[in-house]
């Protein structure tokens, strides 16, 4: 691979997305993208004993679906790269334990799908792996318990709050497949001092603007050169701020941009306030809706720009701000 400009990597032997799988819960099954999920569960406990175990099961199912679609077995994988929102990435650890595949845990908050896909592509392009799976998940109930308040508390959600997706996505990266990973950018940590954990969109929007601007500068391209620019889960608040920030630098992406947090749910009828969020939001939208459209020929060249809020319960309780990050993948058909 080689570096273009300040931050962008171009793969000289571009890795391919061989197969992919998207798993969702009850709310996701009632949303606009229901048909793009390979599997959905009406029982969001997935018949397990805890919300954390349910999320682990989402990851396990996502990998199983992606492998089955490629006609592969777990033993065909050289690496599993996975992450989630929970402390020490326990959904990934326990969900993928039985696969017995070399494991690299990842944490990028809601940007984790882009991070795992970028790292899997680096491993395949370098020859360190023949085949690697990138998988990410989140669960509404496990995230609420960790980052905000247990559901039993019945706290009111502010208008800027977003609904954590109960979903998972998995992409198998190898040297063959219909979708090519052309380039990738690892984002920088950007912190403008937002401290409200119920307004993740405002915290993440500056990082999204920074990475998108840098990628376009590095590659000498503009928004018009892509069929779609998909941000992770900025929701409505973050999307508006993204447009304002980029327009200050002379960039207008409105005609090409869509946000996974606004695609996954119907904000008008599903009571998700500012939109969807969580690791599983952009993961399931990418591994379902976006890649399905690319395989069907509706999209030929897109930027996947997953965003994350790099906070923890401890940092939030101690009054720290919420830094953001955004990683980018350029995918082509």
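Just so it is clear, none of the values below were taken in a lab; they were calculated from the coordinates. Since we're looking at a predicted model, the values are computed, not measured. Virtual Cβ from ideal backbone geometry, glycine too; neighbours counted across all protein chains shown.
So here's what we get for this one:
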item	result
Most mobile listed residue (98, 227, 210) in the chain, GNM with C-alpha springs under 10 Å	98
Distance (nanometres) between label positions extended 7 Å along Cα→Cβ at residue 157 and residue 73	4.3 nm
Potential extension, residue 296-residue 314 segment - 0.36 nm per residue separation minus Cα distance	2.0 nm
Average Cα contact separation per residue, segment 9-174, under 8 Å, 6 or more apart, as relative contact order %	32 percent
Spherically averaged projected area in nm², based on the convex hull that wraps the Cα atoms of the chain	15.2 nm²
Cα gyration tensor shape of segment 196-322, rounded if a/c is under 1.5, else prolate or oblate by comparing a/b with b/c	oblate
R0 of 25 Å, Cβ-Cβ distance residue 146-residue 188: FRET efficiency to nearest 0.05	0.45
For segment 45-88, the fraction of alpha-carbon pairs in successive 10 Å shells from zero, as %	24, 46, 28, 2
Candidates 15, 223, 102: whichever shows maximal mean-square fluctuation once the chain is modelled as a Gaussian network with Cα springs under 10 Å	102
Cα gyration tensor shape of segment 9-174, rounded if a/c is under 1.5, else prolate or oblate by comparing a/b with b/c	prolate
Simple spin-label estimate for residue 49 and residue 2 in nanometres, 7 Å along Cα-Cβ	5.6 nm
Percentage relative contact order, the chain, counting C-alpha pairs under 8 Å, at least six apart	25 percent
Most mobile listed residue (137, 269, 321) in the chain, GNM with C-alpha springs under 10 Å	269
Sequence of 89, 267 once ranked by neighbouring C-beta atoms within 10 Å, starting from the fewest	267, 89
Approximate spin-label separation residue 26-residue 130, in nm, with each point projected 7 Å along Cα-to-Cβ	4.4 nm
Value at 222 nm in deg cm²/dmol, rounded to 500, when DSSP H runs of n ≥ 4 in the chain each add -39,500 (n - 2.57)	-9500 deg cm²/dmol
Cα centroid of segment 176-215 to Cα centroid of segment 42-117, whole Å	22 Å
